[in-house]
1. Could you please find all residues in region 211-233 being crowded, with 16+ Cβ neighbours inside 10 Å, of a type outside the set (G, A, S) and either more than 23 Å from K18 (Cα to Cα) or in contact with an Asp or Glu (Cβ under 8 Å, 6 or more places away or on another chain) (or both)?
2. Residues to consider are N120, N133; find the one that is at pLDDT 95 or above and within 17 Å of C234 (Cα to Cα).
3. May I ask you to list the residues in region 167-208 that are over 20 Å from the mean Cα position of the chain (by Cα) and within 19 Å of A227 (Cβ to Cβ)?
4. Does M104 count as outside any loop (DSSP other than H, G, I, E, B), more than 18 Å from the chain's Cα centre (by Cα), modelled with pLDDT of 95 or more and among the aliphatic types (A, V, I, L, M)?
5. Output the helices (runs of 4 or more DSSP H) that fall wholly within region 7-77 and possess 1 or more residues being of a type outside the set (G, A, S) and touching a residue at least 40 places away in the same chain (Cβ under 8 Å), or say none.
6. Look at V127 and say whether it is part of a loop (DSSP other than H, G, I, E, B), of a type in the set (A, V, I, L, M) and closer than 18 Å to L222 by Cα.
7. Return a yes/no flag: does region 82-91 have any residue that is within 29 Å of V233 (Cα to Cα), assigned to a helix (DSSP H, G or I) and not acidic (D, E).
8. Hey, among the residues in region 139-178 that are outside any helix (DSSP H, G or I) and touching a strand residue (DSSP E or B) at 6+ places or on another chain (Cβ under 7 Å), which one's nearest to L93 (Cα to Cα)?
Amino acid sequence: MSTHHPAGRRILVTGAGKGIGRATVERLVADGAEVVALSRTAADLRDLHEAFGCDTIEADLADLEAAADAVARALPFDGLVNNAGITALEPALSTGMDTMRRVMEVNTLGPLRLAQVIGNDLVRRGVGGAIVNISSTAADVGLADHAAYCASKAALNALTRVLAKELGPHNIRVNSINPTVTLTPMGQFAWSDPAKSAPVLARIPLGRFLEPPEVAGVVSFLLGNDAAMISGVCLAVDGGLGVD
């Protein structure tokens with residue numbers, strides 16, 4: 001098996017039930033990793049277990065400490081993929097504080113809390129590891145009706161850099177992947193209006209949006225040995241959108 005694969009490593013994938021998370025589980029299992037899938041949806045977890053044989057954790061990052069406790073009971077892990085994310089479409093001037101809190105809880109506080117649980121265990125055991133945060137190109141631009149989402153992903157990028165700085169001396173790498181619009185259920189919900197999606201699509205030199213397996217392949221790379229000196233990077237996976 002190619003050395004870049006995260007073979008033999010025990011990896012937690014959050015938001016594993018659909019979209020990028022499910023594609024990531026499938027890819028990591030194919031690449032020889034031992035995957036534990038976390039989702040708030042029991043039916044999705046049953047399907048993942050039947051399809052890929054992976055262990056599962058039913059937890060909702062909106063109930064952060066309960067999710068952290070569930071992950072702590074499943075230790076040890078060699079890697080973490082913070083993929084779980086939600087969005088809310090509201091104009092900034094009328095975005096409710098409850099909306100902001102809910103989106104930040106899942107998209108920003110959740111990844112930090114699980115990085116604490118798994119990172120502290122890696123440090124305690126004296127072994128290296130890797131954390132991959134699924135962020136978004138929305139971290140770097142202002143998208144109408146996405147105040148909560150954009151803010152949560154910009155904060156996630158900042159956490160990626162801080163964690164990389166602090167965990168590097170322990171041989172723990174931390175990176176984020178910043179995809180453009182990805183054709184997941186959430187992506188289709190947010191970008192189904194052609195009037196909204198067409199201008200973005202027109203600025204992508206490769207001329208299309210992402211498919212979930214294309215993100216999963218980058219996750220696998222960043223978890224593996226070929227990325228051994230990549231840390232603190234917020235990697236755009238956007239078909240060239242960022243060159244505009």
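1. Matches in region 211-233: V233 only.
2. Going through N120, N133 in turn, just one is at pLDDT 95 or above and within 17 Å of C234 (Cα to Cα): N133.
3. If the condition is that a residue be over 20 Å from the mean Cα position of the chain (by Cα) and within 19 Å of A227 (Cβ to Cβ), then P169, H170, N171 are the ones that fit.
4. no
5. 19-30, 64-73
6. yes
7. Here is the first cut: in region 82-91, the ones within 29 Å of V233 (Cα to Cα) are 82-89.
Checking the rest, the ones that are also assigned to a helix (DSSP H, G or I) come to none.
Within region 82-91, not a single residue is within 29 Å of V233 (Cα to Cα), assigned to a helix (DSSP H, G or I) and not acidic (D, E).
8. Taking region 139-178 as the starting set, the residues that turn out to be outside any helix (DSSP H, G or I) are 140-146, 171-178.
If we keep only those that are touching a strand residue (DSSP E or B) at 6+ places or on another chain (Cβ under 7 Å) too, we end up with 145, 172-178.
On the way: D145: 9, I172: 40, R173: 38, V174: 34, N175: 32, S176: 29, I177: 29, N178: 26 Å.
Per the stated criteria, the residue is D145.
The values are calculated or read from the model by the stated rules, or taken from the named source; none is laboratory data. Please read all numbers here as calculations on a predicted model, not as lab measurements. Cβ: placed from backbone, ideal geometry, glycine included. Neighbour counts: every protein chain shown.
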